[in-house]
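Bear in mind these aren't lab numbers, they're just calculated from the coordinates by the rules spelled out. Owing to the predicted nature of the structure, the values given are computational and were not obtained by experimental measurement. Counting neighbours? That spans all protein chains shown, and the Cβs are built from the backbone with ideal geometry, glycine included.
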Amino acid sequence: MPHIHAAIDFTVALFIVQEDRVLLVHHRKLGRWLPLGGHIELEEDPERAALREALEESGLEVELIGERPPTTSEGTRALIAPRFLDIHRISATHEHIGMIYWARPKAGQVTLAATEHFAIQWCSIRDLDQLSPPLSDAVKWYCHAALKEMAGQ
């Protein structure tokens with residue numbers, strides 16, 4: 001998706017955990033191992049963007065992990081808060097505000113989105129150190145945190 005704003009966009013990232021493994025993709029355009037995710041489109045809220053990106057990039061329907069406040073009423077819909085937020089530079093003139101979610105698969109079969117990724121892989125903690133190219137420190141930290149927090153769920 002093209003950038004919506006010249007200076008900053010909102011994005012989602014999903015660390016999908018199943019048993020003791022996290023799902024990562026080797027991104028074609030960026031040449032790095034990353035979680036699934038992408039831009040929040042104009043007509044979407046962050047939850048819908050996360051669910052759409054998971055399905056488009058992996059073939060999985062997922063459940064976002066987190067608490068939904070009981071505050072939904074007419075004209076209001078409570079959202080599951082991201083586990084973390086960050087802001088990261090994409091270029092000298094553009095940044096992304098990233099909403100980082102934990103998720104688990106509900107249905108579907110992992111499928112490679114070949115136009116976007118070289119590979120898709122479930123990774124254990126041990127696998128994280130074997131990926132080439134190596135994970136960024138931030139992605140590795142989020143993988144470890146997701147695996148630790150979701151252990152036994």
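For the chain, what's the relative contact order in percent, using C-alpha pairs closer than 8 Å and at least 6 residues apart?
Working: 294 pairs, mean separation 50.8, N = 153.
Relative contact order for the chain comes out at 33 percent.
Using helices alone, I'd like the mean residue ellipticity at 222 nm for the chain: each DSSP H run of four-plus residues gives -39500 (n - 2.57), total over residue count, nearest 500. Walk me through the numbers on the way to the answer.
Values: 3 runs with 31 residues, N = 153.
So the calculated ellipticity at 222 nm is -6000 deg cm²/dmol.
Work out the P(r) tail for segment 63-131: percent of alpha carbon pairs separated by more than 16 Å, whole number. Present the calculation step by step, with values, prior to reporting the outcome.
Values: 1711 of 2346 pairs.
When every Cα pair of segment 63-131 is considered, 73 percent fall beyond 16 Å.
Based on the mean of other Cβ atoms within 10 Å per residue, sort peptides 114-126, 83-95, 29-41 so the most packed one is first.
Working: 114-126: 14.2, 83-95: 11.7, 29-41: 17.8.
Ranked by mean Cβ neighbours within 10 Å, highest first: 29-41, 114-126, 83-95.
Among bridges DSSP assigns within segment 8-150, what percent are antiparallel (round to 5)? Don't skip to the end; give the middle numbers.
Numbers: 28 of 37 bridges.
Antiparallel: roughly 75 percent of the beta bridges in segment 8-150.
How large is the dipole of segment 49-102 about the Cα centre if only Lys and Arg carry +1 and Asp and Glu carry -1, each at its Cβ, rounded to the nearest 20 debye? Intermediate results must be reported in sequence, preceding the final value.
On the way: 5 positive and 9 negative charges, 36 e Å.
I would put it at about 180 debye.
Would you work out if segment 1-82 is rounded, prolate or oblate? Take a ≥ b ≥ c from the square roots of the eigenvalues of the alpha-carbon gyration tensor; rounded if a/c is under 1.5, else prolate when a/b is larger than b/c, oblate otherwise.
Numbers: a/c = 2.42, a/b = 1.23, b/c = 1.96.
It is oblate, given that a/c is not under 1.5 and a/b is not larger than b/c.
Dipole of the chain (Lys/Arg Cβ +1, Asp/Glu Cβ -1, origin at the Cα centre): which of 90, 122, 102 lies farthest to the positive side?
Most positive-ward Cα: 122.
In debye, nearest 20, what is the charge dipole magnitude of segment 21-153 about its Cα centre with +1 on Lys and Arg Cβ and -1 on Asp and Glu Cβ, if you could check?
Working: 15 positive and 19 negative charges, 95 e Å.
Once rounded to the nearest 20, the dipole reads 460 debye.
For residue 73 and residue 45, calculate 0.36 nm times their separation in residues minus their Cα-Cα distance, and state this gained length in nm to one decimal.
On the way: separation 28, 0.36 × 28 = 10.08 nm, distance 1.67 nm.
Value of the extension gain: 8.4 nm.
Per the Kirkwood definition applied to all pairs of different Cα atoms, how many angstroms is the hydrodynamic radius of segment 8-150? Don't skip to the answer; put the middle values down first.
Details: mean 1/r = 0.0643 Å⁻¹.
That comes to 15.6 Å for segment 8-150.
Return the distance in nm (one decimal) between the two label points of a simple spin-label model at residue 56 and residue 8, each offset 7 Å from Cα along Cα→Cβ.
For residue 56 paired with residue 8, the spin-label model returns 2.3 nm.
Expected output is a single nm value to one decimal: the length gained when fully extending between residue 89 and residue 136, i.e. 0.36 nm times separation in residues minus the C-alpha distance. What is it? Before the final figure, lay out the partial values.
Values: separation 47, 0.36 × 47 = 16.92 nm, distance 1.40 nm.
In short, 15.5 nm is gained.
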